[in-house]
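These notes are about the structure you will find just below.
What follows draws every value from the coordinates through simple rules; no lab data is involved. Note that the coordinates shown come from a computational prediction; the quantities given were computed from them, not determined experimentally. For neighbour counting, all protein chains shown are included, and Cβ atoms are generated from backbone atoms with ideal geometry for every residue, glycine included.
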């Protein structure tokens with residue numbers, strides 16, 4: 001799920017990474033529908049290409065750009081606005097992804 005401003009960055013191809021606080025891991029190689037606000041389907045999909053854990057304090061300038069921002073400071077400001085605080089020691093899940101076609105439909109056996 002992406003906020004509107006971040007969704008636009010994903011759809012433009014500028015955002016190819018996302019950091020999350022949750023413990024439910026998305027799987028590498030799987031295609032997921034992108035949800036907008038209020039869990040509404042956007043009709044777009046991403047394919048997860050890499051998953052790893054990282055401390056917020058270890059986010060590099062290059063990774064901030066992959067998050068869709070011009071620099072690390074802009075990423076930090078947005079993280080604080082969305083999450084409420086910045087803790088350099090906080091471990092997050094990092095997802096690298098690319099836009100994708102929808103997954104093939106599963107046929108139902110009769």
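From the list 31, 51, which residue is in contact (Cβ under 8 Å) with a residue 40 or more places away in the chain, within 21 Å of residue 104 (Cα to Cα) and touching a strand residue (DSSP E or B) at 6+ places or on another chain (Cβ under 7 Å)?
When all the criteria are applied, what remains is 31.
Quick check on the stretch 11-27. Is at least one of its residues farther than 24 Å from residue 105 by Cα, surrounded by 14 or more Cβ atoms within 10 Å (Cβ to Cβ), in contact (Cβ under 8 Å) with a residue 12 or more places away in the chain and over 15 Å from the mean Cα position of the chain (by Cα)?
Taking every residue of the stretch 11-27 in turn, none turns out to be farther than 24 Å from residue 105 by Cα, surrounded by 14 or more Cβ atoms within 10 Å (Cβ to Cβ), in contact (Cβ under 8 Å) with a residue 12 or more places away in the chain and over 15 Å from the mean Cα position of the chain (by Cα).
Inspect the stretch 98-105 for any residue being under 22 Å from residue 14 (Cβ atoms), touching a helix residue (DSSP H, G or I) at 6+ places or on another chain (Cβ under 8 Å) and free of Cβ contacts under 8 Å to residues at least 40 places away in the same chain and give the result as yes or no.
Within the stretch 98-105 (the criterion being under 22 Å from residue 14 (Cβ atoms), touching a helix residue (DSSP H, G or I) at 6+ places or on another chain (Cβ under 8 Å) and free of Cβ contacts under 8 Å to residues at least 40 places away in the same chain), the answer is no, since none of the residues qualifies.
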